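As structure tokens, the structure follows; a few thoughts come after it.
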Amino acid sequence: FYGSVPQCSPCRIGNFQGEEVYTPFKNLIPMVDPADIVIGGWDISKMNLADAMRRAGVLEYDLQRQLQPYMKDMVPLPGIFDGEFVADNQEARADHRIKGTKRQQLEQIRADIREFKAVNKLDQVTVLWTANTERFAEVTVGLNDTKDNLFAAIDDDEAEISPSTIYALACIAEHAPFINGSPQNTFVPGVIEYAVEEKSLIGGDDFKSGQTKMKSVLVDFLVGAGLKPTCIVSYNHLGNNDGYNLSAPQTFRSKEISKSNVVDDMVASNELLYGPGEHPDHTVVIKYVPYVGDSKRAMDEYTSEIFMGGKQTIVMHNTCEDSLLAAPIILDLCLLAEVCTRIQLSKEGEPLEGLHPVCSLLSYLTKAPLVPNGAPVVNALAKQRQCIENVFRACIGLAPENNMLLEFK
């Protein structure tokens with residue numbers, strides 16, 4: 001489980017005789033064991049998972065050979081496909097579709113969730129959008145700006161309702177936590193209103209695995225050190241189907257937005273460095289190169305102004321299997337979402353209530369954190385992780401971690 005925070009990362013619980021004491025996150029509070037998770041899902045391709053694994057070419061051949069007997073009988077349910085929201089090059093893969101109107105598609109997803117839960121005798125179903133990046137949907141008054149307008153639009157089979165939004169609505173209706181792992185605006189205002197009304201957990205957006213995760217660490221360090229990042233250029237090339245879909249301008253734009261906004265709160269935190277409206281030049285480029293497959297290349301250049309008019313440039317190069325960084329993030333989002341549905345809190349003298357349905361606690365794992373209306377957006381990675389740790393500590397009666405260690409000063 002390398003790459004999983006609950007499974008492979010420690011949490012400090014105190015000190016004893018001058019030594020720091022840590023425990024794995026998964027031991028801090030009761031969490032679902034990954035071995036108890038039943039996996040299922042939808043796909044617009046009817047290929048079984050063994051054949052899909054071979055086509056993707058991510059895993060080494062010998063590992064594929066060992067996994068093949070376990071995966072050959074795993075076939076996804078038909079999925080919703082709308083070519084207007086993805087690149088034209090995805091049409092050829094879409095041989096496993098849910099037919100009918102948008103209302104019929106919504107009801108079919110709901111039925112699939114109920115059946116999957118009943119057949120497998122599950123306590124809870126959590127759904128993650130791990131499919132292709134969609135283009136941004138237009139947010140229009142009278143279409144998707146309220147819950148009632150959104151459902152009316154679905155009944156009218158309006159074209160501007162995306163597949164991911166239909167999945168989200170189905171999950172909310174079934175009280176199944178739904179997490180958007182891609183950058184598009186799945187959570188239009190009508191979806192958020194419905195989730196809050198139903199008190200059904202939603203989270204997102206866009207899995208944060210490599211380049212953006214490093215950016216949220218490095219920019220936080222530079223700004224916190226009193227240096228002024230003035231130019232950030234991020235270049236990527238990859239050859240998997242994600243890259244193939246992102247080769248279309250409309251889907252790339254969704255990814256560009258989520259990757260670019262990650263530095264906003266860190267820049268805004270230091271008015272000594274940045275004046276009103278001032279922001280670093282920030283460019284993101286993604287290119288599709290079939291030969292490299294899932295072995296994504298990410299190159300970044302950070303230029304900062306330093307003392308006495310000097311400049312500092314930091315250049316980073318990262319090569320990794322993109323899917324193998326994302327997979328443990330998918331696991332963690334599932335585990336943390338389940339925990340968040342069980343945490344309750346109250347003010348003194350008031351009844352217990354659950355966390356807000358718009359689950360900002362998942363921000364550590366997403367590029368463009370979805371937060372409740374009026375809540376601050378935090379992108380700095382250390383702060384995001386500290387939030388999870390402190391919430392877990394509070395659940396067992398420990399004070400928030402602040403690293404002050406005043407007793408030793």
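Take the Cα radius of gyration of region 94-247 and divide it by 2.2 N^0.38 Å, with N its residue count; two decimals is plenty.
Details: Rg = 18.5 Å, N = 154, 2.2 N^0.38 = 14.9 Å.
Expressed relative to 2.2 N^0.38 Å, the Cα Rg reads 1.24.
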GluC sites (Glu not before Pro) in region 42-91 lying in a DSSP loop, each with at most 10 other Cβ atoms within 10 Å of its Cβ, come to E60
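For n ≥ 4 DSSP H runs only, could you compute -39500 (n - 2.57) per run for the chain, divide by its residues and tell me the 222 nm figure to the nearest 500?
Working: 14 runs with 146 residues, N = 409.
Value at 222 nm, helices only, nearest 500: -10500 deg cm²/dmol.
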Per GNM of the chain with C-alpha springs under 10 angstrom, the most fluctuating residue out of Q386, Q90, Q68 is Q68
For region 115-222 the mean separation of alpha carbon contacts under 8 Å (6+ apart) over residue count, i.e. relative contact order in percent, is 30 percent
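Please give the per residue accessible area of region 203-249, computed with a probe of 1.4 Å over protein heavy atoms only, in Å². Present the calculation step by step, with values, prior to reporting the outcome.
Details: 1410 Å² over 47 residues.
Ligands and nucleic acids excluded, the figure is 30 Å² per residue.
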Between the modelled labels at N27 and K383 (7 Å from Cα along Cα→Cβ) the distance in nm is 3.2 nm
Length gained, C395-K99, 0.36 nm per residue minus C-alpha separation, equals 102.0 nm
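Any idea what the relative contact order of the chain is, in percent, if you count C-alpha pairs under 8 Å spaced at least 6 apart? Don't jump to the answer; show the numbers that get you there.
Numbers: 708 pairs, mean separation 68.5, N = 409.
Averaging sequence separation for qualifying contacts and normalising by length gives 17 percent for the chain.
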The extension gain from V371 to A152, computed as 0.36 nm times the residue separation minus the Cα-Cα distance, is 76.3 nm
Of E197, E256, E389, the most mobile residue in a GNM of the chain (C-alpha springs, cutoff 10 Å) is E197
Residue-ordered couplings for region 54-64, obtained by feeding phi - 60° into the Karplus form 6.51 cos²θ - 1.76 cosθ + 1.60 and rounding to whole Hz (Gly and Pro as x), are 5, 5, 5, x, 7, 8, 4, 4, 5, 5, 4
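What do you get for GluC sites (Glu not before Pro) in region 278-385 restricted to DSSP loop and a cutoff of at most 12 other Cβ within 10 Å of the site's Cβ?
Values: sites: E278, E301, E305, E321, E338, E348, E353; in loops: E278, E348.
Counting only loop positions with at most 12 other Cβ atoms within 10 Å, the GluC sites (Glu not before Pro) in region 278-385 are E278, E348.
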In nm, the gap between the two label points placed 7 Å beyond Cα toward Cβ at L272 and N89 is 4.8 nm
Mean-square fluctuation maximum in Gaussian network of the chain, Cα pairs under 10 Å, restricted to A92, A173, A268, hits A92
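Could you tell me what percent of the accessible area of the chain is made up of carbon and sulfur, with a 1.4 Å probe and every protein chain present?
Values: 11260 of 20770 Å².
Here it works out to 54 percent.
Are there trypsin sites (Lys or Arg not before Pro) in region 114-206 that DSSP puts in a loop and that have at most 14 other Cβ atoms within 10 Å, and which ones? It would help to have the intermediate numbers written out before the result.
Numbers: sites: R114, K117, K121, R135, K147, K199; in loops: K121, R135, K199.
Filter output for region 114-206: K121, K199.
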Phi angles of region 132-139, converted by Karplus (6.51 cos²θ - 1.76 cosθ + 1.60, θ = phi - 60°) into ³J(HN,Hα) in whole Hz with x for Gly and Pro, give 4, 5, 9, 6, 5, 7, 6, 8
Of region 282-303, those with amide N under 13 Å from the point 7 Å along the Cα→Cβ vector of S247 are 287-293
Simple spin-label estimate for V141/D281, 7 Å along Cα→Cβ, in nm, reads 3.9 nm
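Let's see if you can work this out: charge +1 on each Lys and Arg Cβ, -1 on each Asp and Glu Cβ, no other charges. What is the dipole magnitude of the chain about its Cα centre, in debye to the nearest 20? Show your work: numbers first, answer last.
Numbers: 37 positive and 55 negative charges, 187 e Å.
Dipole about the Cα centre, nearest 20: 900 debye.
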Exposed-loop cut sites defined as chymotrypsin sites (Phe, Trp or Tyr not before Pro) in DSSP loop states with at most 15 other Cβ within 10 angstrom; longest site-free run of the chain spans 3-409
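Please state, as a whole number in µm²/s, the translational diffusion coefficient that the Stokes-Einstein equation yields for region 1-49 at 20 °C and 1.002 mPa s, with Rh defined as the Kirkwood radius across alpha carbon pairs. Can you show the working numbers first?
On the way: Rh = 13.9 Å.
It diffuses with D of about 154 µm²/s by this estimate.
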Given pairs K117/K347; K199/K383; K147/K208; K46/K117; K121/K367; K208/K228 and cut-off 31 Å on Cα-Cα distance, the over-length ones are K117/K347; K121/K367
Taking R0 as 35 Å and r as the Cβ-Cβ distance between V289 and M214, the FRET efficiency 1/(1 + (r/R0)^6), rounded to the nearest 0.05, comes to 0.95
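Residue separation times 0.36 nm, minus the C-alpha to C-alpha distance between L352 and R114: what's the value? Show your work: numbers first, answer last.
On the way: separation 238, 0.36 × 238 = 85.68 nm, distance 2.83 nm.
So the extension gain works out to 82.9 nm.
Ratio of the chain's C-alpha Rg to 2.2 N^0.38 Å, to two decimals? Don't skip to the end; give the middle numbers.
Details: Rg = 22.1 Å, N = 409, 2.2 N^0.38 = 21.6 Å.
Ratio of Rg to 2.2 N^0.38 Å for the chain: 1.02.
The values are calculated or read from the model by the stated rules, or taken from the named source; none is laboratory data. Since the model is a prediction, treat every value here as computed from it, not as a measurement. A quick note on method: Cβ atoms are made from the backbone with ideal geometry, for glycine too, and the neighbour counts reach across all protein chains shown. Accessible surface is based on the protein model in full, side chains and every heavy atom, while ligands, DNA and RNA are left aside. Shrake-Rupley method; radii C 1.70, N 1.55, O 1.52, S 1.80 Å.
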